[in-house]
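**Q** One structure, pasted below without further comment.
The values are calculated or read from the model by the stated rules, or taken from the named source; none is laboratory data. The shown structure was predicted, so the numbers you read here are calculated from the model rather than taken from an experiment. Methodologically, a virtual Cβ is constructed for each residue, glycine included, from the backbone with ideal geometry; neighbour enumeration extends over all protein chains shown. Just so you know, the surface numbers come from the protein's heavy atoms only, side chains and all, with ligands and any DNA or RNA stripped out. Shrake-Rupley method; radii C 1.70, N 1.55, O 1.52, S 1.80 Å.
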Amino acid sequence: MAYRRATWTAKGGRFCIVKKYYSYRALPTSKKVREKRAKRQNVTTATQAEVNRRLRMENLTRLIMENYEAGAWYITYTYSEKPTDEKAVLAEDAKFKRTLRRIYHRAGMEARYISVLENLKGRGRPHGHILLPALTVDDMERIQKAWKHGRVQVKLYGGGAEDAARMAAYFTKEKIDGCSGRIQTSRNLTRTPVKKERVTRSEAYREEITPPRGYRLIRGLSQRTHTAEGYPVTIAYFERDTRDMRQKRRKRDGE
């Protein structure tokens, strides 16, 4: 009874995500498993769009987990007045990012960013969001002065798995009337690939979620759902158990 298993472990091993699912290339042959299939629904354009958004959110969550620590800067820069020229807004956004790169270069750090520009065509004022590694207070002031068109607000990123998921959900929120734009990422982000394998052991697919050794399950993010064909999918998020690591160090040091 074959199925697919996708495993991702962040560089450094702090986070791990395991996804088990059936696909067109690995459909269950067991009648018992086929009976678990949920009722198939008509796949509308809206349904497909939501599936695509969910996959983008999963990919972006991994990217945030791997590249940003607690205290990173979540910057929102807003126009004080709504511009009439959309191309000018895009040009100013690109100019702002070039200035950010220079500020980070002078500080001896790369400007690793994830950003989105919103409200290009909506009723509200255009504004952008960008996630960056933290620098000094003086550098923050330079960034605020670099945006000449309105307000710059800086918040601190929490650094946890739930924080990454919430930020990814906001970045990938549904586009309505041109309010949300395309996500942009810098090329220098670390991107550990997902390892996919076909599992063929008998009764291999188990819905129970067991953390790998040294990890704890993040229940708020882990879930069981179904594929478009109605077959079960299990997505489990894990974080390294720091308590377990401390206990091992104590045993090693003879405490």
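**Q** With a Förster radius of 45 Å, plug the Cβ-Cβ distance of Ala169 and Thr200 into 1/(1 + (r/R0)^6) and report the FRET value to the nearest 0.05.
**A** Efficiency, rounded to the nearest 0.05: 0.85.
**Q** Roughly speaking, to the nearest percent, how much of the stretch 116-159's 1.4 Å accessible area is carbon and sulfur?
**A** 47
**Q** I've got another one for you. No solvent, one uniform scatterer per C-alpha: report log10 I(q)/I(0) for the stretch 63-145 via the Debye equation at q = 0.13, 0.14 1/Å, two decimals.
**A** The computed values of log10 I(q)/I(0) come out as -0.44, -0.51.
**Q** While we're on this one: Which listed residue (Thr84, Ala94, Gly108) has the Cα farthest towards the positive end of the charge dipole for the stretch 73-117, taking +1 on Lys and Arg C-beta and -1 on Asp and Glu C-beta about the Cα centre?
**A** Looking along the dipole axis, the top candidate is Gly108.
**Q** For Arg216 and Lys155, compute 0.36 nm times the residue count separating them, minus their Cα-Cα distance, and round to one decimal in nm.
**A** Using 0.36 nm per residue and subtracting the Cα-Cα distance, I get 19.2 nm.
**Q** Let me ask something else about it. Can you pick out the pairs among Lys20/Lys95; Lys20/Lys173; Lys19/Lys173; Lys173/Lys195; Lys11/Lys148; Lys121/Lys148 whose Cα atoms lie more than 32 Å from each other?
**A** Checking Cα-Cα distances, Lys20/Lys95; Lys11/Lys148 exceed 32 Å.
**Q** Moving on to the next point. Give me the one-decimal nm value for the distance between modelled label points at Arg101 and Thr185, 7 Å along each residue's Cα-to-Cβ direction.
**A** Modelled inter-label distance: 1.8 nm.
**Q** Taking K and R as +1 and D and E as -1, what net charge do the other residues with C-beta under 11 Å from the C-beta of Ala168 add up to?
**A** So the environment of Ala168 carries a net charge of +3.
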